[in-house]
There are 2 protein chains.
Amino acid sequence: MEPPVSAAPPRITLKDLARELGVSTASVSNAFNRPDQLSPKLRERILSEAQRLGYSGPDAKARSLRTGRSRIIAVVLAETLTYSLNDAVASELLAGIAEVLDVHGHTLLLLSGRQHVSQAPGSANIADGFIVYGLMPSLKVLNDIPAQRPMVAVDFNIQSRPSVHVDNEPASYAVASHALTARPKRPGIINLRLTESPCNGRVTAEHTLLAAGQTITRSRLAGFHRALEGQGFDPATVPMWNIEENTFDVCAPVIGEILDLPDDERPDLLLCMSDRIALTVLTLAERRGLRIPEDLRLTGFDGIAEGQNRDPRLTTIRQDSHEKGRIAARMILGLAPREDCMLHTELILGDTCP
Amino acid sequence: MEPPVSAAPPRITLKDLARELGVSTASVSNAFNRPDQLSPKLRERILSEAQRLGYSGPDAKARSLRTGRSRIIAVVLAETLTYSLNDAVASELLAGIAEVLDVHGHTLLLLSGRQHVSQAPGSANIADGFIVYGLMPSLKVLNDIPAQRPMVAVDFNIQSRPSVHVDNEPASYAVASHALTARPKRPGIINLRLTESPCNGRVTAEHTLLAAGQTITRSRLAGFHRALEGQGFDPATVPMWNIEENTFDVCAPVIGEILDLPDDERPDLLLCMSDRIALTVLTLAERRGLRIPEDLRLTGFDGIAEGQNRDPRLTTIRQDSHEKGRIAARMILGLAPREDCMLHTELILGDTCP
DNA sequence: CTGAAAGCGCTTACAG
DNA sequence: CTGAAAGCGCTTACAG
């Protein structure tokens, strides 16, 4: 029989290596995984022969099947990966997760709840655990996940799973209360993804807001409203706009519309649900020659670097997304108790609403 | 014999499900993977029984061992994940990669070349292919990767592997040539990670620069120097600073030092190797009351959104990192030829160097 | 269209 | 410390 002619070099396995060396597969495996289970001399021989033959260590696919663990943790993002990777808050969260995983020898698999549908199901279930970030457009993605795998929700809730949150309502109350002490004549609110059906513009009586508990932005609105009431404003008379995606391009038209209102209708205080929104207001206001804070006061939410490393600095709430990620990762790895957790935030008095 | 008392619900496998239904394991597998291989009626029965028993589909670990494919592509980042996730250029690249992977049913595993060392080796080799981004501090990480797996280098070179680049030298030449037409009196250059040993500050004769071909920033410097010569400047007399990490906090002290030079020594043009550097200059210059571009002209490199969605807008080179990511992903998936590729860039005339 | 069977490449008790 | 052997949970030719 002719030897098979093959372009690809035949891949070498642990078994091949054992045969080549005349030792058992157990010893080869131990050489890579449990150095104390064999003599240093044999280990050395195995490792150097492996190197010589181009064997780069046990195959991770086989290992994970055998051990039942992949050392991979999946993060399921509610938004697209393109959005999430370019959003400072999501990136901070991912960085915090990655930091903890790395130290404990795990790696990070990125998934999106808005992923392409056609793909083979279940390629995600290779992960040992799941961190789910943000309100999923549909919980279908989560159905493919075996029920016994650990799962943690961040910035939203999944029934019978632990969640990690920040104190959205009190934080929003705090920043709004501060802003309202300046007695603005025409406060306004810019929401983020708060309507049941998409709305990128002014919120009217026709729009239904998402229910409390569904989205953190509803809690932020509750905080704003409580502050308004506390300072004698009627929240029902305070105009609201809604933004569908936390990006400059999606924010800009809505904000342009607000800033182009006649002088006696244009808000002189805008309470924004994210720094991204507030920064977009800032850019567009500067282009129009509006003075901050004299003509327009402005608050954000998140405390991202871009809002602080600039002039004027944003008045905002700082949330520690990095720490939020660390905590979620520790919970998934079983290094912290798997129970609901709420992080505190901090009011930052910047220049946009001193 | 007593049944084992177990807290965890016994996990159900494809085999269990087949036995339960009285069909072969092949049929169950086909119900999930190859609908055309069995009758719709049987498939329906299998799927609904699976749902009832809480079987969420074939285990990905076993599947990937059996098929030899995980549908996971790993991105190995030269920087830490924390840095990379917070860097606009790296994030754009990742977004481009993720976009293509997603459409083709693959997922993204994030690894860092600066990862913690102690971890079990080879958990990375689960991936079907590898995209390696940026100059690795050590190529050791790459040693664990089986030689026959596809690998693509981005923004640097790996021997006998295809790479994806932008035209760094001509791009830098273009932006510098433009800036020099204003006949600055004291041009200066701010480099990014260009010295062999770490240097965060002024580059002197004692510092050795990384060799050409090792890092893209060397190509950028070559472009700057060619432009300087073309306009009658002696590059050797143009002061250079070096930045070790492309973040505000690491840039700020070096840039503070530059801006605090006496008026007759402070550069009136700064050619920066990244937008992040240029934006930091901008912030610190504004804080000092320097007028841009009257007192100081400024150019960047990258074309990130933060530099364009602001006033004044950055004069810079726009590189399409998103497209760079898409191309690398297509190469890895075998959808594009695996050969060296160079992307073109675009000069953006902003307000910082009109 | 269905079923019996081999085997992907490992790890790990277990016996020696 | 070492070796023989079972089996992790699948997919896929192959025979019927």
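Data overview
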| read-out | value |
| --- | --- |
| Net charge of neighbours whose Cβ lies under 10 Å from the Cβ of A:M151, counting Lys and Arg as +1 and Asp and Glu as -1 | +3 |
| Charged-residue dipole, Cβ positions (Lys, Arg, Asp, Glu), segment A:72-165 about Cα centre, Debye nearest 20 | 360 |
| Proxy reagent accessibility, fewest Cβ within 10 Å first, across A:I255, A:I292 | A:I292, A:I255 |
| On Cα atoms only, tilt of A:248-259 relative to the major axis of chain A in degrees | 10 |
| Check: segment B:315-354 dipole with +1 on Lys, Arg Cβ and -1 on Asp, Glu Cβ, in debye | 200 |
| About the Cα centre, charge dipole magnitude for chain A (Lys/Arg +1, Asp/Glu -1 at Cβ), debye | 1600 |
| Sparse-neighbourhood loop sites, trypsin sites (Lys or Arg not before Pro) in segment A:291-354 - DSSP loop, at most 14 other Cβ within 10 angstrom | A:R291, A:R338 |
| Structure-based [θ]222 nm, chain A - -39500 (n - 2.57) summed over DSSP H runs of at least 4, per residue, nearest 500 | -11000 deg cm²/dmol |
| Across the identical copies, how the A:L210 labels are spaced - nm, sorted shortest first, 7 Å along Cα→Cβ | 4.2 |
| Value of relative contact order over segment A:60-195, rounded to a whole percent, pairs C-alpha under 8 Å and six or more apart | 23 |
| With Cα atoms, 0 to 90° folded angle of helix A:88-103 axis to chain A main axis | 30 |
| Shielding of A:273-283 by partner chains, average beta-carbon count, 10 Å | 1 |
| Listed residue (B:H178, B:P239, B:I216) projecting farthest to the positive dipole end of segment B:163-257, Cβ model | B:H178 |
| Residues A:V75, B:V76, A:V103, B:V254 arranged by fewest to most Cβ contacts within 10 Å | A:V103, B:V254, B:V76, A:V75 |
| Residues B:S112, A:S138, A:S123 arranged by fewest to most Cβ contacts within 10 Å | A:S138, A:S123, B:S112 |
| Charge dipole (the protein assembly as shown, unit charges on Cβ, about Cα centre) - positive-most of A:A127, A:S321, A:L42 | A:L42 |
| Cα centroid separation, segment B:288-354 to segment B:76-143 (Å) | 22 |
| Cut-off under 5 Å, modelled amide H: who pairs with A:I72 long-range | A:T107, A:D128 |
| Mean separation of Cα contacts under 8 Å, 6 or more apart, over the residue count of segment B:14-58: relative contact order % | 39 |
| Local electrostatic count, A:G188, Cβ distance below 12 Å [Lys/Arg +1, Asp/Glu -1] | +2 |
| Between segment A:193-237 and segment B:166-231, the alpha-carbon center distance in angstrom | 51 |
| Computed over segment A:211-343: relative contact order in percent, which uses C-alpha pairs under 8 Å that are six or more apart | 15 |
| Cut-off under 5 Å, modelled amide H: who pairs with A:T345 long-range | A:D167 |
| Long-range amide H partners of B:L298 with built H, under 5 Å | B:L270, B:C353 |
| Folded to 0 to 90 degrees: helix A:321-332 orientation relative to chain A principal axis, Cα | 40 |
| Cleavage-rule hits (GluC sites (Glu not before Pro)) in segment A:258-354: DSSP loop, at most 13 neighbouring Cβ within 10 angstrom | A:E265, A:E294, A:E339 |
| Positive-end extreme of charge dipole, chain A - chosen from A:G256, A:L349, A:Q148 (charges on Cβ) | A:Q148 |
| Cut-off 9 Å between beta-carbons: net charge of the residues surrounding A:N242, Lys and Arg +1, Asp and Glu -1 | +1 |
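Readers should treat all values here as calculations from the given coordinates under stated rules, not as data from a laboratory. Predicted model, so just to flag it, every value in this text is computed and none were measured. Glycine gets a Cβ as well: all are built from the backbone with ideal geometry, and neighbour counts include every protein chain shown.
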